[in-house]
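Please read the structure below before turning to the comments.
Any read-out appearing in this document is the output of simple, stated calculations on the displayed coordinates, not a laboratory observation. Quantities reported herein were computed from a predicted structural model and do not represent experimental measurements. Cβ placement follows ideal geometry from the backbone for every residue including glycine, while neighbour counts extend to all protein chains displayed.
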Amino acid sequence: MIHILGVATTEFGELWKKSPRALAKQAAEGALEDAGLKISDIDALFVGNMLAGILGNQANLGSLFAEELGLSVPAIRVEGACASGGLALHSGVNGILSGQYKTVLALGVEKMTDSGQDEVTTGLMAAGSDSERMAGATFPGIYALMAQAYLEEFGISEETLAGVSVKNHYHGSLNDKAQFRRVVTVEDVMSSGRIADPLKLLDCSPISDGASAVVISSENLRKRKPVYVSASEVATDTLALHDRKSFTSLSSVVRASKNAYKKAGISPSDVDVSEIHDCFSIAEAIAVEDLGFSKRGEGAKDIATGKMTLGKGKVITNPSGGLKACGHPVGATGIKQIVEITQQLRGEAGGRQVKRAKIGLTHNVGGSGAVAVIHILKN
């Protein structure tokens, strides 16, 4: 059994005065304090990061952060685009299950706002295919194609899709670590500038800085009732969107979640709370269908009508505010999702607490669905 002993996250946002080292140290020390452990209790470090080699010319992050934390244990950077954080935890889980390590620190960190928008956009497209880059495509454009297909196939309006952002901004307004803490309306979303039709500014997650950390172990070293990882599954698909059978479903998510449900011995209806990779509003609408929370073609409508909103729905999605409101420092996102679900299952989420939450799921996606990481947590 993989026990989650400690979790912590920094504030997400435009953190110009904080270096990657400082962010990583803050998150790691917070998770260790939460676990009641010392750095000497850690047997290995797994670092989730995408862009440090591209934007900061530093790719040796395992050694960098081990040095910063005073560690002399195996320290490994894990990269899988925006799923880097989820893959770092997945690697740590497998390291423990193999018997190689007992206690692992999984750290996700990203510093994006020190670079210009063009640099960041180009860097993020390193997760795309050669053909997409040659065509000048960006991820807003790629997800816009998915949105166009979804709206047409299922007869969904842009106003209905805007409900994703409305819900997540409401949840984000309750999160003191979120980049954006203000409520928005459908009218706000619709009147925001168009980025890639039909996606508007408030359909898109922001450029962010931040770090998150999780301490996991094969033993309950804290001697309190812990949250534990019931399943950790990964699946992949083609890099290019145009090589797939569908624009309105991600097969990587479908396969990874089915394997995770089987491993955990649950069904989608058993999940109480979920953190969804809503890099764009269309991503969450499709995800809740791929995960089995909504019927095909009804995800956006279910969200817009409040079925996944705090205090209203059965399965609450993105109580943290998601990528949209909480922020999306890409390497940190997958770990932040684990932090949020752990706090929810402990009953420590404050004003955004999901009542009687017992089972949680995280959904972390790289690229436009080329990799998907699903974790199921129980208490």
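State the answer as a single residue: which of 27, 51, 89 lies farthest towards the positive end of the charge dipole of the stretch 1-96, with beta carbon charges of +1 for Lys and Arg and -1 for Asp and Glu, about the Cα centre.
Toward the positive end, the furthest listed residue is 51.
Quick one: in the stretch 170-225, what % of C-alpha pairs are over 19 Å apart?
Working: 823 of 1540 pairs.
Distances greater than 19 Å cover 53 percent of the Cα pairs.
How big is Rg to Rh over the stretch 256-379, alpha-carbon atoms, Rh as the Kirkwood inverse-mean-distance radius?
On the way: Rg = 13.0 Å, Rh = 14.2 Å.
Radius of gyration relative to Kirkwood radius: 0.92.
If you rank 154, 46, 139 by fewest surrounding Cβ atoms within 10 Å, what's the result? Working shown, then result.
Numbers: 154 17, 46 29, 139 22.
Neighbour counts put them in this order, fewest first: 154, 139, 46.
Find the lysine pairs in the stretch 2-141 meeting two conditions, Cα atoms under 20 Å apart and a separation of 8 or more places or different chains, and report how many there are.
Numbers: 17/25; 17/111; 18/111; 25/38; 25/111; 38/102.
Counting lysine pairs in the stretch 2-141 gives 6.
If one computes the Cα centroid of the stretch 42-107 and of the stretch 309-379, what distance in Å separates the two points?
Centre-to-centre distance over Cα atoms comes out at 21 Å.
Identify the residues of the stretch 28-47 with backbone N under 15 Å of a label point that sits 7 angstrom from the Cα of residue 348 along the Cα-to-Cβ direction, or state none.
Backbone N within reach: 28-38.
With labels modelled as points extended 7 Å from the Cα through the Cβ direction, what inter-label distance (nm, one decimal) is found for residue 238 paired with residue 159?
Once both label points are built, they end up 3.7 nm from each other.
Given the chain reduced to its alpha-carbon atoms as identical point scatterers, what log10 I(q)/I(0) does the Debye formula return at q = 0.13 Å⁻¹?
-0.96
Could you list which residues have their amide H under 5 Å from that of residue 6, counting only those 5 or more apart in sequence or on another chain, with H placed in the peptide plane?
215
What percent does the relative contact order of the chain come to when contacts are Cα pairs within less than 8 Å and at least six residues apart?
Values: 955 pairs, mean separation 100.0, N = 379.
Result for the chain is 26 percent.
Kindly point out which whole DSSP H helices in the chain project their C-alpha atoms 15 angstrom or further along the helix axis while averaging a Kyte-Doolittle hydropathy of -1.0 or above.
On the way: long enough: 20-35 (22 Å, -0.38); 84-97 (20 Å, 0.86); 139-154 (22 Å, 0.62); 251-264 (20 Å, -0.69); 330-346 (25 Å, 0.17).
Counting only whole DSSP H runs, the qualifying helices are 20-35, 84-97, 139-154, 251-264, 330-346.
Please compute the length gained on full extension between residue 295 and residue 267, using 0.36 nm multiplied by the number of residues separating them and subtracting their Cα-Cα distance. Provide the component values of the computation, followed by the final result.
On the way: separation 28, 0.36 × 28 = 10.08 nm, distance 1.42 nm.
Stretched out fully, the residue 295 to residue 267 stretch lengthens by 8.7 nm.
Could you put 279, 326 in order, starting from the residue whose Cβ has the fewest other Cβ atoms within 10 Å?
Numbers: 279 25, 326 35.
Neighbour counts put them in this order, fewest first: 279, 326.
Short version: ³J(HN,Hα) in whole Hz for each residue of the stretch 266-273, in order, from phi by Karplus 6.51 cos²θ - 1.76 cosθ + 1.60 (θ = phi - 60°), x for Gly and Pro, what are they?
Karplus-based 3J(HN,Hα) across the stretch 266-273 equals 10, 10, x, 5, 7, 6, 8, 8 Hz.
Between residue 312 and residue 224, how many nm apart are label points set 7 Å from Cα along the C-beta direction?
3.3
Any idea which of 174, 163, 117 is furthest toward the positive side of the dipole for the stretch 112-183, if Lys and Arg beta-carbons carry +1 and Asp and Glu beta-carbons -1?
174
Who wins for biggest fluctuation among 95, 360, 331 in a Gaussian network model of the chain, springs between alpha carbons below 10 Å?
Comparing 95, 360, 331 in the GNM, the peak value goes to 95.
Between Rg and the Kirkwood Rh of the stretch 148-191, both from Cα atoms, what is the Rg to Rh ratio?
On the way: Rg = 12.4 Å, Rh = 11.3 Å.
Value, to two decimals: 1.10.
Starting with the fewest neighbours, write out 12, 280, 293 ranked by other beta-carbon atoms found within 10 Å of each beta-carbon.
On the way: 12 31, 280 28, 293 25.
In increasing order of surrounding Cβ atoms, one gets 293, 280, 12.
How many angstrom lie between the Cα centre of the stretch 177-211 and the Cα centre of the stretch 113-144?
Between the Cα centres of the stretch 177-211 and the stretch 113-144 lies a distance of 18 Å.
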